[in-house]
Amino acid sequence: MKNFVLLFYIQIAIAFPAGAQNFELNLLDKINNSGTRGDLFNKRQSQSAGPVTAAVPATLFVIGLLAGDDELKAHAYRSAIAAASTGAAVLSIKFLADRDRPYEAYPDMFVRKADIFTPSFPSGHTAFAFSTSVSVTMAFPKWYAAAPAFTWAVGVGYSRMHLGVHYPSDVLAGAVIGTVASWLAWTLTKGLMR
């Protein structure tokens, strides 16, 4: 009986990664090979991650400065720290993991719709989008701030898969890294900013 149980667990351990990889590749295939419709929108959505991430702290700071609102300026600093922390985490992990892009690993399966030259895992665009969304939500904890912020962040993640430059696991990891880095930056600096 012990041998049967051990054999059962070994089979699961071997089959699970293969099943997960097949699921991931099938999902990416459906998203990436859905035709050219939406390519331009997804390129713009993807390209918005950097400018929006930079614009949020800059806008908060300028409005805080003009209004004489120290709390808004503190939110700007926290957002900038969150973005910098996210960038450091993403770059470190990218070059440690050194994962090939989907179009590099499976050139016959995925269509490359954007130029990019860094490793695949995790998605930096998605990480920045989620970091920014958490920052906006922490600064303005209302549903009407959170809903559009996270809708935009999810759209950025989807766009990275549509363009064939990231696996779903890259996007998921980017979302987690951006969320955690931003939450930590806001939580750890809250006492310092008072």
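Taken together, the values in this text are just the output of simple stated rules run on the coordinates, not laboratory data. Note that the coordinates shown come from a computational prediction; the quantities given were computed from them, not determined experimentally. No Cβ is skipped: glycine too gets one built from the backbone with ideal geometry, and neighbour counts run over all protein chains shown.
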Being in a helix (DSSP H, G or I), hydrophobic (A, V, I, L, M, F, W, C) and either in contact with a Lys or Arg (Cβ under 9 Å, 6 or more places away or on another chain) or at negative phi (or both) is true for just one of VAL136, VAL111. Which residue is that? VAL136
Of the residues that sit in the stretch 23-70 and are loosely packed, with under 12 Cβ neighbours inside 10 Å and within 22 Å of THR137 (Cβ to Cβ), which one is nearest to the chain's Cα centre (by Cα)? PRO51
Could you list, ordered by first residue, the pairs with Cβ atoms under 7 Å in which the first is in the stretch 161-187 and in contact (Cβ under 8 Å) with a residue 60 or more places away in the chain and crowded, with 23+ Cβ neighbours inside 10 Å and the second is basic (Lys, Arg) and part of a helix (DSSP H, G or I), at least 6 apart or interchain? LEU163/LYS43; HIS166/ARG160; ALA185/ARG78
Under 8 Å between Cβ atoms, which residue pairs at least 6 apart in sequence (or on different chains) link something in the stretch 61-89 that is without any contact (Cβ under 8 Å) to a residue 12 or more places away in the chain with a partner that is surrounded by 14 or more Cβ atoms within 10 Å (Cβ to Cβ) and assigned to a helix (DSSP H, G or I)? ILE63/LEU72; LEU65/LYS73; ASP69/ILE63; ASP70/GLY64; GLU71/GLY64
In the stretch 114-133, the residues that are closer than 17 Å to GLN47 by Cα, hydrophobic (A, V, I, L, M, F, W, C) and assigned to a loop (DSSP other than H, G, I, E, B): ALA114, ILE116, PHE117
Restricting attention to the stretch 166-188, does a residue exist that is outside any helix (DSSP H, G or I) and in contact with a Ser or Thr (Cβ under 8 Å, 6 or more places away or on another chain)? yes
Residue under evaluation ARG78, criteria (1) touching a Ser or Thr at 6+ places or on another chain (Cβ under 6 Å); (2) not in a helix (DSSP H, G or I), criterion not met: (2)
Kindly list the number of the only condition in (1) surrounded by 20 or more Cβ atoms within 10 Å (Cβ to Cβ); (2) basic (Lys, Arg); (3) without any contact (Cβ under 8 Å) to a residue 40 or more places away in the chain that fails for ARG101. (3)
